[in-house]
Amino acid sequence: MIRFFSHLGAEKGDPSFAHEVMEKSQAHLGRCYQCLTCSASCPVAFAMDYTPNQIIRMVQYGLKERVLGSSAIWLCASCQTCAARCPHDIDVVRLMDSLRELALGERRVTAGNIPRFHAAFVECIRRQGRIHELSLVLRYLLTSGGVFKVRDLFGYIVFGLKMLHRGKLALLPRKTEARAAVKRIFQRT
């Protein structure tokens with residue numbers, strides 16, 4: 001823990017950033033005493049540049065540049081494990097969502113293709129009320145601006161056919177009864 005904070009000394013904190021994030025996310029970050037439960041629970045922490053508890057501490061310190069430039073906010077799987085296990089009921093998932101919104105709003109997205117995938121994921125939910133993997137992958141590939149190579153397309157097709165054959169991928173999206181409710185949620189937000 002001390003090693004993490006020792007290299008943050010050069011960056012000055014912005015207290016207004018901490019206030020803005022807490023206002024937007026409604027997360028009670030002042031309650032966090034760095035027990036590390038969120039980071040120990042996170043199934044994708046191994047792939048993050050900063051763990052969830054480190055993101056919380058950097059927000060508390062007002063380290064806006066570092067937080068909004070982090071890949072951790074984009075890698076959060078929104079699985080709710082951290083929030084369910086937090087002894088002080090800090091909604092880390094809502095915090096991460098708020099940080100993604102701020103990063104997009106300020107055009108500070110530096111995490112490669114992750115924001116494109118995030119946008120494709122959200123659009124899939126908005127249109128269908130749930131995830132349809134085939135639609136998600138196609139939307140992502142079509143909107144990635146040539147990031148994938150055409151030669152890779154054959155590999156995607158072969159992999160997709162294997163998944164279809166095993167019943168792991170549906171050609172058509174399933175209907176959801178909550179589609180109207182999901183649309184109302186998107187209209188409100």
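The values are calculated or read from the model by the stated rules, or taken from the named source; none is laboratory data. Keep in mind the model is a prediction, meaning the values are calculated, not measured. When we count neighbours, we look across all protein chains shown, and the Cβ atoms used for this are built from the backbone with ideal geometry, even at glycine. Just the protein is used for accessible areas: all its heavy atoms, side chains included, with ligands, DNA and RNA removed. Shrake-Rupley method; radii C 1.70, N 1.55, O 1.52, S 1.80 Å.
Across the stretch 67-115, which residue is least open to solvent (accessible area, probe 1.4 Å) among those that are assigned to a loop (DSSP other than H, G, I, E, B) and within 17 Å of Gln26 (Cα to Cα)?
Ile90
Could you tell me whether Leu102 is closer than 24 Å to Phe121 by Cβ, in contact with an Asp or Glu (Cβ under 8 Å, 6 or more places away or on another chain) and either at pLDDT 90 or above or not hydrophobic (A, V, I, L, M, F, W, C) (or both)? Even if it seems obvious, please write down each step before you answer.
On the way: closer than 24 Å to Phe121 by Cβ: yes; in contact with an Asp or Glu (Cβ under 8 Å, 6 or more places away or on another chain): yes; either at pLDDT 90 or above or not hydrophobic (A, V, I, L, M, F, W, C) (or both): yes.
Taking the combined requirement at face value, the residue satisfies it.
Under the condition of being closer than 16 Å to Pro15 by Cα and free of Cβ contacts under 8 Å to residues at least 40 places away in the same chain, which residue from the stretch 25-66 is surrounded by the fewest Cβ atoms within 10 Å (Cβ to Cβ)?
Selected residue: Gly30.
Can Gly13 be described as within 18 Å of Ser70 (Cα to Cα), at pLDDT below 85, out of contact with any Asp or Glu (no Cβ under 7 Å at 6 or more places or on another chain) and exposed (fewer than 13 other Cβ atoms within 10 Å of the Cβ)?
Here the answer is no, as Gly13 does not meet what is asked.
Are any residues in the stretch 37-50 under 14 Å from Ala77 (Cβ atoms) and of a type outside the set (Phe, Trp, Tyr), and if so, which ones?
Kept after step one, since they are under 14 Å from Ala77 (Cβ atoms), are these residues of the stretch 37-50: 38-39, 41-48.
Residues satisfying the conditions are Cys38, Ser39, Ser41, Cys42, Pro43, Val44, Ala45, Ala47, Met48.
Check Ala180, Ala170 and return the single one that is under 14 Å from Cys124 (Cβ atoms) and at pLDDT below 80. Walk me through it before giving the result.
Working: Ala180 fails: under 14 Å from Cys124 (Cβ atoms).
Sole residue among the options that is under 14 Å from Cys124 (Cβ atoms) and at pLDDT below 80: Ala170.
Name the residue that is modelled with the lowest pLDDT, counting only residues in the stretch 116-129 that are surrounded by 14 or more Cβ atoms within 10 Å (Cβ to Cβ) and in contact with a Lys or Arg (Cβ under 8 Å, 6 or more places away or on another chain).
Just the residues of the stretch 116-129 that are surrounded by 14 or more Cβ atoms within 10 Å (Cβ to Cβ), to begin with: 116-121, 123-125, 127-129.
Checking which are in contact with a Lys or Arg (Cβ under 8 Å, 6 or more places away or on another chain) leaves us with 118, 120, 123-124, 128-129.
Details: His118: 76, Ala120: 82, Glu123: 83, Cys124: 83, Gln128: 79, Gly129: 79.
The extreme case among them is His118.
What do you reckon, is Gln80 touching a Lys or Arg at 6+ places or on another chain (Cβ under 7 Å) and not β-branched (Val, Ile, Thr)? Before you say what the answer is, go through the steps one by one.
Working: touching a Lys or Arg at 6+ places or on another chain (Cβ under 7 Å): no; not β-branched (Val, Ile, Thr): yes.
No.
Just checking, how many residues over the stretch 15-24 are more than 16 Å from Val92 (Cβ to Cβ) and either polar (S, T, N, Q) or in contact (Cβ under 8 Å) with a residue 60 or more places away in the chain (or both)?
Pass one, the stretch 15-24, residues more than 16 Å from Val92 (Cβ to Cβ): 15-17, 19-20, 23.
If we keep only those that are either polar (S, T, N, Q) or in contact (Cβ under 8 Å) with a residue 60 or more places away in the chain (or both) as well, we get 16, 20.
Qualifying residue count, the stretch 15-24: 2.
Which pairs turn up if I take residues in the stretch 167-189 that are in contact (Cβ under 8 Å) with a residue 24 or more places away in the chain and among the small types (Gly, Ala, Ser) and look for partners that are surrounded by 13 or more Cβ atoms within 10 Å (Cβ to Cβ) and in a helix (DSSP H, G or I) with beta carbon separation below 8 Å, at least 6 apart in sequence or on another chain?
Taking only residues 6 or more apart or on different chains, the pairs are Ala170/Glu133; Ala170/Leu134.
Quick one: which of Ala27, Ala40 is out of contact with any strand residue (DSSP E or B) (no Cβ under 8 Å at 6 or more places or on another chain), of a type outside the set (D, E, K, R), at negative phi and in a loop (DSSP other than H, G, I, E, B)? Outline the logic, then answer.
Numbers: Ala40 fails: in a loop (DSSP other than H, G, I, E, B).
The conditions single out Ala27.
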